[in-house]
Amino acid sequence: MSAPKRTNPRTESLKRLVSCLLASLVVALMWGPQEGSFGNFWFGITQSIFKPRVLVFLALGVVLFLVISFWPKVVPYLTRPGVGPLVSGGVTVLAAQTLMHWGDGIGDSKFGTVATAVSNTPGIAPLTKAFFGWLCWVMLAVIFVLAALAIVRGIKVLAWVAAGLSLVAAVIAYVAHHSVVTYAHLLDHSLGVYVEIIGYLVIITAAVVTALSSAEMAEGRVAVNRVLGWRPGLPLVVLGLVVGLLAFASATWFSPQNFNATMSDTHERFRGTGLAPLAVQYLIWLGWTLFAVTTLVGAAAAYLRNRVLGWVAAAGGAISVVLTLITIYDFSKLAGQLHVDSATGPWQNLGAGGWMACGAFFLIGAGGFIAATAHGSVREALARAADSDVVASGRAASTQFLSAPGAMRSGIMLAIAVALFYPPTATGFWQSVLVSEIGIYVLLAIGLNVVVGWAGLLDLGFIAFYAIGSYTTAYLVGSLPIKPPSWLHMSPLLAIPFAVAICLLAGLALGAPTLRLRGDYLAIVTLGFGEIIRIVAVNADGVTNGSRGPDTQVPHPVIHLGPIHITWGLNQLQYWYLLLVFVVIVLLAFRRLENSRIGRAWAAIREDEVAAQATGINTFQIKLLAFAIGASTSGLAGVFFASQVGFFNPDNFVLNNSILVVAYVVFGGMGSLPGAMAGAALLTWLPEFLKDQVPAADRQMWIGAVVLAMMIFRPGGLLPARRRAIELRGFDGAGSQPRAVPASEGM
């Protein structure tokens, strides 16, 4: 037997260096405006590579080569306290100075465009010119290098210097941006400067952690749990305080495009116009008073761990949210009656201030609720975990993310606050994207996660059930050429149980003859089913109206119950909150299902179908149930889609959409409900975000790069299921190290 060939270390290093440099050149081609044509590729290459900027990308390639080559020596430094916040803060500042908007009405509002306008404007402040010229990049580089040296060398004085310079940089960024807005008399709603300030605050956190920490290794999850578990509910109260100060002091409450009125300006605008007394008092003093009182009570409840004060803060936050909504409704309704700034009715022409105030009160009330219901401390949680089987398996409670008392509920409350009060502050375009793309695909991903993530069945025709739900809705509301009987004609909301039931039956009809197949064979059969449904929809002119879709618009949902009259379709926000109700109901049901006997049977089939069958599980019935439940969820999404868009056609249900939903589940984390939702939200948001960043032809290239990076660095997905994470990582090393067994536990 011949001896294996010995590789030359120099040859391997040379190959690695060439690969990194070639990768950097590819990124240089991807970055920036793409020029040239299909007939002249060389022109685009010369514009992207043969420019001085290519040296920056080559330098990044060299840095990547050094990191890969000396990775074992780099790892100990990456685990030191402060590294995570430093990298996050640096990336945030970099994103603010490259991607975010810095001034409405100045070209595309990007930082580079504003910088060009500032450099060409005489008479503007020298500090502003310097910041938008060379100072912003020099500050970022110097601060990052100083903080990195402080972390690597453990120099505390250097860390304090970096923290001080970061604070100065944040102030300079705010002053420079304010100077531009004031000089140009802009009604500015850009977020670039605020994102930059947040990035520098995160770098300050990294520097302070480095200066105060004596640990050699950073335990990020333990640190997060200690912060959240020190006083349960207090982080939410602090966050609510910050959001509330911005809402009441500087945010726009009315007419963001013209008047740009803050809360006090709104009071002046509607003084003497017959505004309701409660709204008048709220705008003068009641809002500030409620904010101060609820914040003090919530902070006291969290710090003192007082249950009574916690319930008082929760009640105060809920009442304050209601009063804020009443105030917003009153002055926006009055503005519609008076046609102030072209308003025609309530909830129109509002700024972000009122919704931010609602979010602040909600967060403070949520902090009080957590303070009233969370008991114990991190130390007690660790003590309880020390006597459990968790430690025996190598997973201490402190190393599990959000395992501190109240931490998980804090995360849930923050997510609820964002879902409720962020959408009204978004532009009309992003509200439409949030509803018609992100929301619907999140619901589809939740349903497909049952089939792919929990049961381990590859379904490439899932979009067919979505089509069945949409066409069922169009039939029941009378929008197809074939009409239902008069007694069966109904509104879209009443069509939900029928569409869900028909999709469930369709799932059973598909699964019964095909689920004895496995792997690629099952994927091919489901792919064919999806194409059959689409082709039938195209060819059945007398039933589906062919490729034209419904011949009349699918009506919007309507509710008439006594004095309650709700009509959807006036704006996208109505559909968002309706969709939010659907998603919450489905999540609660699926969460119970995941931890049930059926959920455990799905997990067993996914891991080893033969072994599951040997233990007595009827694998065929359990897989059929997964198909049916997943299909019913897509039927619900189909009802929502049909009523929201009004008109659709078979092109909305092509194979590519099925593959996209599978990609969302895999990208987010198979078997993880939060992962499926996060994957669908991120990968539907990213193409819309890239519209303003890169040429249309290059969007898929960037999306592919993001997916490729995720598969390399997080193969389990964005938010992997715990079981999947353990399969990839092990029990934090417990599985790789032998554990001493007491003699009493031996054979």
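Just so it is clear, none of the values below were taken in a lab; they were calculated from the coordinates. These numbers come from a predicted model, not from an experiment. Because the Cβ atoms are built from the backbone with ideal geometry, glycine has one as well, and the counts that use them run over all protein chains shown.
Details
- Centre-to-centre, using Cα atoms only, the range 539-573 and the range 657-689 are separated by 27 Å.
- Measuring spread by the Cα atoms of the range 432-652 yields a radius of gyration and Dmax of 18.1, 58 Å.
- Relative exposure of MET670, MET701, judged by other C-beta atoms within 10 Å (fewest first): MET701, MET670
- D_trans [Stokes-Einstein, Kirkwood Rh over alpha-carbon pairs] for the range 77-193, 25 °C, 0.890 mPa s, µm² s⁻¹: 162 µm²/s
- Tensor-based shape of the range 473-579 (alpha-carbon gyration tensor, a/c under 1.5 rounded, otherwise prolate or oblate): prolate
- About the Cα centre, charge dipole magnitude for the chain (Lys/Arg +1, Asp/Glu -1 at Cβ), debye: 1780 debye
- Surrounding net charge for PRO650, when Lys and Arg each add one and Asp and Glu each subtract one, Cβ distance under 12 Å: -1
- Here Cα Rg over 2.2 N^0.38 Å was calculated from the structure, and among (i) 1.53; (ii) 1.14; (iii) 1.06 it sits at label (iii).
- This ranking places LEU493, LEU278, LEU476 by how few other beta-carbon atoms lie within 10 Å of each, fewest first, which gives LEU278, LEU493, LEU476.
- Amide H contacts of ALA261: TRP253, PHE254, each under 5 Å away and 5 or more positions distant or on a separate chain (H built 1.01 Å from N in the peptide plane; Pro and chain starts excluded).
- Computed 3J(HN,Hα) for the range 541-554, one whole-Hz value per residue from the Karplus formula 6.51 cos²θ - 1.76 cosθ + 1.60 where θ = phi - 60°, is 4, x, 10, 9, 6, x, 6, 7, x, x, 7, 10, 5, 5, glycine and proline marked x.
- Computed over the chain, relative contact order equals 11 percent, with contacts defined as Cα pairs under 8 Å that lie 6+ residues apart.
- With neighbours defined as other Cβ atoms within 10 Å of a residue's Cβ, the residues LYS110, LYS623 order from fewest to most as LYS110, LYS623.
- Span from the the range 499-513 Cα centroid across to the the range 86-149 one, whole angstrom: 56 Å
- Once backbone amide H atoms are built at 1.01 Å from N, HIS101 has LEU191, GLY192 as its partners under 5 Å, excluding neighbours fewer than 5 places away on the same chain.
- Per-residue ellipticity at 222 nm, computed for the chain from helices alone with -39500 (n - 2.57) per DSSP H run of at least four residues, works out to -21000 deg cm²/dmol.
- Distance from the range 574-610 to the range 251-326 (C-alpha centre basis), Å: 38 Å
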